[in-house]
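Computed from the coordinates by the stated procedures, all read-outs in this text should not be read as laboratory data. Being a predicted model, the structure only gives us computed values, none of them experimental. We place every Cβ from the backbone using ideal geometry, glycine too, and count neighbours over all the protein chains shown.
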């Protein structure tokens, strides 16, 4: 039998390192919860959004894509190790990630976040990077909408018939891609409304201070987000908790800092629901299906649907401020007829 080579030893160590830094997590909300959030976000979009995003077929597609990122789990070591931590964020009892990063002062980028975590001798692949999953997908969606705007304009106003036909086909394809991007990204926004995805107490209170003496409650993660939701939660109850849409100031660009602030406020609200969740669980509410447990869960799902609806609409509104193409042209300039998009 051959002795393991140095390369073999290095590969073995790499495997162990990946496993150590990517703890197994359940998928937030389970299939039904993710479908409800995507579906109700689509159902509550403001009428200002393009028609392709508001059809019955689009709503069905977005609903189907809600659980997509969980369906794809297990695709392989590289895929899972890279993406699984994007579903959660381990916020400690001190309100910080790994004791060093505050939600109120999130670093501007994933790379800066990773550098900050090095001070605590950890990485985003250990403690999660959910805020950046949400921010990354939103920025992509804003560009999707910007591209669709200019393509749709050129499909009508380009001087040559062949160019108009080409732009029209590109606009159709961009609409298809945009729906796919919304549906898949919506999964991460939804994860942000599941309290057990934004806490170090993600599957039982665990070790450390336990001032309310919660029982171990191992398995609470799957019980809450899947078994309980499947049995007791109805989409109609979630819909009742979704407020009307309130547009942002159209004159104010959504900067990276503003985007991360919106996301941080959302995740702080979810983290504030961790202790109430454990109180309900300790009282047996997620086993019996108590009224309190049903109302609590519907409210959290509604927060996810509301945030997703809002972020989609914000991306549409802010896409007017984008620049697209090579060389880049301002979307507003194209729509005003002062510039052209494409070759």
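Is the shape of the range 59-110 rounded, prolate or oblate, going by the alpha carbon gyration tensor and its root eigenvalues a ≥ b ≥ c, with a/c under 1.5 for rounded and a/b larger than b/c for prolate? Verdict is prolate for the range 59-110.
Solvent-free Debye calculation, one equal scatterer per alpha-carbon of the range 101-203: log10 I(q)/I(0) at 0.14, 0.19 Å⁻¹ equals -0.68, -0.94.
Tell me, 308, 173, 49, 106 in order of fewest to most beta-carbon neighbours within 10 Å?
On the way: 308 29, 173 13, 49 17, 106 23.
Listing 308, 173, 49, 106 from fewest to most nearby Cβ atoms yields 173, 49, 106, 308.
If I build a Gaussian network model for the chain, linking alpha-carbon pairs within less than 10 angstrom, which residue out of 216, 302, 98 has the largest mean-square fluctuation? Among 216, 302, 98, the largest mean-square fluctuation in the Gaussian network model of the chain belongs to 216. Model label points for residue 168 and residue 323, set 7 angstrom from Cα along the Cα-to-Cβ axis, are 3.2 nm apart.
The protection proxy used here, the mean number of other Cβ atoms lying within 10 Å of each residue, ranks peptides 133-141, 325-333 as follows, highest first: 133-141, 325-333. In whole angstrom, how far apart do the alpha carbon centroids of the range 183-223 and the range 262-327 sit? After rounding, the separation between the Cα centres reads 14 Å.
With a 10 Å radius around each residue's Cβ, average the other Cβ atoms per peptide and rank 154-161, 123-130, 188-195, highest first.
Details: 154-161: 13.2, 123-130: 22.0, 188-195: 28.5.
Highest-to-lowest ranking by the protection proxy: 188-195, 123-130, 154-161.
Helix 161-191 and the longest principal axis of the C-alpha atoms of the chain enclose an angle of approximately 20°.
The angle between the Cα long axis of helix 291-318 and the longest principal axis of the Cα atoms of the chain comes to about 30 degrees, rounded to the nearest 10. Here the contact order of the chain, divided by its residue count and restricted to Cα pairs under 8 Å and six or more residues apart, works out to 25 percent. Return a whole-number percent for the relative contact order of the range 21-140, with Cα pairs under 8 Å and 6 or more residues apart as the contact set. With pairs under 8 Å counted, the relative contact order is 25 percent. Each principal axis of the range 157-224 carries a Cα extent, and these read 73, 19, 13 Å when sorted largest first. The convex hull drawn around the Cα atoms of the range 224-310, when projected onto a plane and averaged over every direction, covers 6.3 nm².
Seen from every direction in turn and averaged, the convex hull around the alpha carbons of the chain projects onto 22.3 nm².
The separation of the range 59-98 from the range 32-47, counted between C-alpha centres, amounts to 19 Å. Residues 48, 225, 61, arranged from fewest to most other Cβ atoms within 10 angstrom of their Cβ, appear as 48, 61, 225.
A full extension of the chain between residue 227 and residue 290 corresponds to an added length of 21.3 nm, given 0.36 nm per residue minus the alpha carbon distance. Helix 130-157 and the long axis of the chain differ in direction by around 10°, with both axes built from C-alpha atoms. For the range 213-343, averaging the sequence separation of C-alpha pairs within contact (under 8 Å, six or more residues apart) and dividing by the residue count gives a relative contact order of 31 percent.
Quick one: 70, 249, fewest Cβ neighbours within 10 Å first, how do they rank? The order, fewest Cβ neighbours first, is 249, 70. With the convex hull of the Cα atoms taken as the outline of the range 16-172, the averaged projected area works out to 12.5 nm².
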